[in-house]
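Scroll down for the structure; my scribbles are underneath it.
The values are calculated or read from the model by the stated rules, or taken from the named source; none is laboratory data. Bear in mind that the values here come from a model prediction, so they are computed numbers and not experimental data. For neighbour counting, all protein chains shown are included, and Cβ atoms are generated from backbone atoms with ideal geometry for every residue, glycine included. Accessible surface is based on the protein model in full, side chains and every heavy atom, while ligands, DNA and RNA are left aside. Shrake-Rupley method; radii C 1.70, N 1.55, O 1.52, S 1.80 Å.
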Amino acid sequence: MRRTTRARIGLSALLVVASLGLGATPAGASDAPTPTPTPTPTPAPAPDAARLHTLDAALDRTLGDDSAGTYVDAMTGRLVVTVTSDAAAAKVLAAGATPKRVRRGAGRLDAAMAALENQAKITGTSWGLDPRTNQIAVEADSSVTARDMARLRKVAASLDGAVRVTRVPGVLKREVAGGDAVYGGGSRCSAAFNVARNGVRYFLTAGHCTNISSSWSATSGGSSIGVRAGSSFPTNDYGIVRYTTTSNTAGRVNLYNGGYQDIASAADAVVGQSIRKSGSTTRVTSGTVTAVNVTVNYSSGPVYGMVRTTACSAGGDSGGAHFAGNVALGIHSGSSGCSGTNGSAIHQPVREALAAYGVNVY
């Protein structure tokens with residue numbers, strides 16, 4: 001389903017890898033005192049993920065359309081909440097967060113996204129909310145033609161600064177590959193999080209992966225370890241596989257260094273927060289959330305309500321875990337590639353998948 005800017009509703013290969021085995025000074029004299037150099041600001045440590053998400057969710061419920069999004073300030077580590085009125089700012093201060101007055105409210109940003117959807121839906125583009133700049137941030141990959149770029153920029157120019165357009169290298173794609181990890185239909189994906197409902201155990205992965213096959217194994221051509229119980233792609237990008245064996249299906253993320261990250265809860269990502277991605281190809285990479293409620297126009301169909309990050313990823317990472325500490329955030333969907341350590345990994349918010357299937361992380 002399509003979502004507005006207010007609707008924001010990983011253990012990568014854990015199941016299988018773990019369970020199966022898955023002053024320059026000018027010349028001349030001066031009587032003036034030498035100025036003391038200003039130290040370079042040091043970014044604040046990452047805030048506790050659970051507390052951050054609890055505060056963010058509470059303010060989201062309280063403010064509704066009186067806010068045009070939230071983000072984590074990179075220098076202070078505090079949650080910043082955009083507001084359009086003094087009354088909303090007072091509520092934010094009372095809750096212990098930092099208010100920021102902005103020119104564009106949620107309604108104007110929703111209208112900008114609707115204009116892009118109706119007038120510039122071009123394969124190879126994505127757009128989402130960046131509350132740090134109070135804009136809709138559009139990215140266009142290298143496959144977008146000059147003619148389509150001109151159309152995109154024309155639409156953006158008509159929206160009074162509410163939209164910014166950036167050209168990015170690479171080609172936006174889902175990241176399925178043939179190889180190692182969880183296999184189905186001749187393709188390789190990654191698993192995100194182990195989940196459960198009424199004692200029955202499952203794992204979540206990408207919907208474009210579960211669309212490929214009904215049966216999944218831990219090795220190429222190996223025996224089945226799970227069968228598809230649900231799949232949603234395009235529009236969304238999540239799927240669920242029911243285990244046919246539940247031995248050693250712990251609720252943790254593989255860190256690919258001999259260690260694991262236990263998962264205790266799930267939440268929605270916040271712009272500016274640090275995240276990690278675990279996938280079977282690039283293993284564990286790190287990044288920052290740059291936009292939420294992102295529309296991604298894949299060649300195989302659009303997906304809505306996604307989250308854009310700077311984590312690196314590659315083919316075969318589809319379905320992997322995006323997480324912060326012990327908090328599950330999302331299911332890896334795709335990217336436009338990675339340049340050095342600067343990536344563009346996109347995830348499907350995990351809470352939406354949990355609600356759709358009535359399951360919980362454990």
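Laid out as a table, the results:
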read-out	value
Local electrostatic count at residue 111 - Lys and Arg +1, Asp and Glu -1, tallied over other residues with Cβ under 11 Å	-1
Three semi-axes of the equivalent ellipsoid, region 130-282, Cα gyration tensor, whole Å, largest first	36, 19, 15
Surface accessible to a 1.4 Å probe, per residue, for the residues of region 207-266, Å²	42 Å²
Diffusion constant of region 181-223 at 37 °C, which comes from Stokes-Einstein with the Kirkwood Cα-pair radius and 0.692 mPa s, µm²/s	302 µm²/s
Region 228-290 - convex hull of alpha carbons, volume per residue in Å³	147 Å³
Rg(Cα) / (2.2 N^0.38 Å) computed for region 113-157, rounded to two decimals	1.10
Residues residue 356 and residue 123, FRET efficiency given R0 of 22 Å [Cβ-Cβ distance, rounded to 0.05]	0.25
Under Karplus coefficients 6.51, -1.76 and 1.60, residue-wise ³J(HN,Hα) of region 214-224 in Hz, glycine/proline x	8, 10, 10, 10, 8, 9, 4, x, x, 6, 5
By average C-beta atoms within 10 angstrom, highest first, the peptides 318-324, 285-291	318-324, 285-291
Alpha carbon convex hull of region 261-329, volume per residue in cubic angstrom	89 Å³
Ellipsoid semi-axes in whole angstrom, largest first, where each is sqrt(5λ) of the Cα gyration tensor of region 139-198	37, 18, 8
For the chain: span of alpha carbons on each principal axis (Å, largest first)	79, 47, 47
Neighbourhood charge, 13 Å Cβ-Cβ cut-off, centred on residue 362 and excluding it, Lys, Arg +1 and Asp, Glu -1	+2
Per residue, the convex hull volume that the Cα atoms of region 204-310 enclose (Å³)	135 Å³
Relative counts (whole %) of C-alpha pair distances in region 53-108, using bins that are 5 Å wide	4, 23, 35, 25, 10, 2
Compactness of region 320-362, expressed as Rg and Dmax over alpha-carbon positions, Å	12.3, 39
Solvent-accessible area, 1.4 Å probe, carbon plus sulfur percent, for region 168-229	46 percent
Ranked by how many other beta carbons lie within 10 Å on average, peptides 76-84, 142-150, 296-304 from highest	76-84, 296-304, 142-150
Mean projected area in nm² (Cα convex hull; one quarter of hull surface) for region 287-326	3.5 nm²
Counted charge near residue 147, where neighbours are those whose Cβ lies closer than 13 Å (Asp, Glu -1; Lys, Arg +1)	+2
